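Novice: Next up is a structure, given as structure tokens.
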Amino acid sequence: MHTDLFFYLVAVPAVVVLGLAKGGFAGLGILAVPLMALAVSPVEAASIVLPVLIVQDAVSIWAFRRHWDGRILALMLPSAAVGIAAGYALAAYVSAAAVALAVGLVSILFAAQRLWAERHRAPADSKAPAWFGALCGVGAGFTSQIAHAGGPPFQLYVLPKRLPRDAFIGTSALFFAAVNLMKMPAYAALGQFTRANLLTSAALVPVAVAATWAGVWLVRRVPADSFYRLIYLLLLMLGAKLVWDGLGDLAAG
């Protein structure tokens with residue numbers, strides 16, 4: 001178990017940010033691993049975060065257990081499994097920086113287009129074909145496995161559907177809970193679930209649970225008609241963060 005004070009000075013805010021994301025403020029969670037990576041390696045940070053995420057997923061699912069879209073899950077979860085398997089198989093051949101850069105650019109373009117459309121009251125196209133949803137599911141699984149950035153591909157298909165706020169959050173919670181569980185064998189195969197890492201994850205769980213409930217409480221106080229605008233803004237910032245990280249890593253490599 002980590003006992004270094006500096007680690008917890010960055011890990012606790014990281015877990016709080018994750019809790020707010022799991023509570024409904026989708027997009028904030030991308031900051032967690034880079035924050036924690038100030039104190040440990042990015043791979044170790046991700047392995048500490050994953051069990052914490054699974055606990056937070058459970059809290060989020062409970063909070064929004066009556067609100068989810070089964071059709072979206074039935075379409076996207078099987079394809080996400082394909083993406084996770086592909087990400088694991090191709091991890092040695094695919095640059096995480098290039099994936100982050102590509103996902104970031106798509107996120108910025110999509111979020112900017114939707115914010116422009118919201119301002120000009122142009123309706124979103126909610127009739128995307130099933131094959132596009134399946135493709136986004138593969139993309140979400142793949143980018144989650146490679147670069148911990150599965151949110152934008154998922155949102156690319158789901159956000160234009162304009163689900164009720166709680167249904168969007170509940171569907172996201174169930175989808176990413178399943179994705180995170182499917183990622184566990186790959187992390188175990190890489191030997192990342194050491195006793196020290198698991199004890200550190202356990203130490204962060206009380207903060208994780210409290211932060212997730214705080215996120216749930218806060219998001220339910222955001223007016224429903226403002227919720228999607230806020231999510232598009234967060235997606236725009238997430239895209240900028242991914243582009244910044246991707247360009248930096250490519251330049252360093």
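Novice: Taking the Cα centre as origin and putting +1 on Lys and Arg beta-carbons and -1 on Asp and Glu beta-carbons, what dipole magnitude results for the chain, to the nearest 20 debye?
Specialist: Values: 17 positive and 10 negative charges, 164 e Å.
So the dipole magnitude of the chain works out to roughly 780 debye.
Novice: Also: Find the all-direction average of the projected area of the Cα convex hull for the chain, expressing the result in square nanometres with one decimal place.
Specialist: 12.8 nm²
Novice: Another one. Roughly how many debye, to the nearest 20, is the charge dipole of the range 1-123 about its Cα centre, given +1 on each Lys and Arg Cβ, -1 on each Asp and Glu Cβ, and no other charges?
Specialist: Its charge dipole is roughly 540 debye.
Novice: Mind running the shape call on the range 172-228? Use the C-alpha gyration tensor, a ≥ b ≥ c as the square roots of the eigenvalues: rounded below 1.5 for a/c, prolate if a/b tops b/c, oblate otherwise.
Specialist: Oblate shape, in that a/c is at least 1.5 and b/c is the bigger or equal ratio.
Novice: In what sequence do Trp213, Trp116 fall when counting other Cβ within 10 Å, fewest first?
Specialist: Trp116, Trp213
Novice: Further question on the same structure: Is any helix in the chain, taking whole DSSP H runs, at least 24 angstrom long along its axis by alpha carbon and on average at least -1.0 on the Kyte-Doolittle scale, and which ones?
Specialist: Details: long enough: 5-22 (26 Å, 2.22); 42-63 (30 Å, 1.50); 70-90 (30 Å, 1.51); 96-119 (34 Å, 1.31); 130-147 (25 Å, 1.13); 165-189 (37 Å, 0.84); 195-219 (35 Å, 1.39); 224-252 (42 Å, 1.05).
Those that pass (Cα extent of 24 Å or more, hydropathy at least -1.0) are 5-22, 42-63, 70-90, 96-119, 130-147, 165-189, 195-219, 224-252.
Novice: For the residues Asp249, Asp57, what sequence is obtained by ranking on other C-beta atoms within 10 Å, fewest first? Don't skip to the answer; put the middle values down first.
Specialist: On the way: Asp249 16, Asp57 22.
Ranked by crowding around the Cβ, least crowded first: Asp249, Asp57.
Novice: To the nearest 0.05, how large is the calculated FRET efficiency for Thr194 and Leu5 if R₀ is 22 Å and r is the Cβ-Cβ distance?
Specialist: E between Thr194 and Leu5, to the nearest 0.05, is 0.60.
Novice: Assign one of three labels to the range 1-102, namely rounded, prolate or oblate, based on the Cα gyration tensor with a ≥ b ≥ c the square roots of its eigenvalues; rounded applies when a/c is under 1.5, prolate when it is not and a/b is larger than b/c, and oblate otherwise. Working shown, then result.
Specialist: Details: a/c = 2.23, a/b = 1.19, b/c = 1.88.
It comes out oblate by the Cα gyration axes.
Novice: Taking K and R as +1 and D and E as -1, what net charge do the other residues with C-beta under 13 Å from the C-beta of Thr171 add up to?
Specialist: Once positives and negatives cancel, what remains is +3.
Novice: Under 14 Å from the Cβ of Ala111, count the other residues' Cβ atoms, weight Lys and Arg +1, Asp and Glu -1, and hand me the total.
Specialist: With Lys, Arg at +1 and Asp, Glu at -1, the neighbours total +3.
No value in this document is a laboratory result; all are computed from the given coordinates. This structure is a prediction, so every number in the text was calculated from the model and none was measured. FYI the Cβ positions are ideal-geometry reconstructions off the backbone, even for glycines, and counts take in every protein chain you see.
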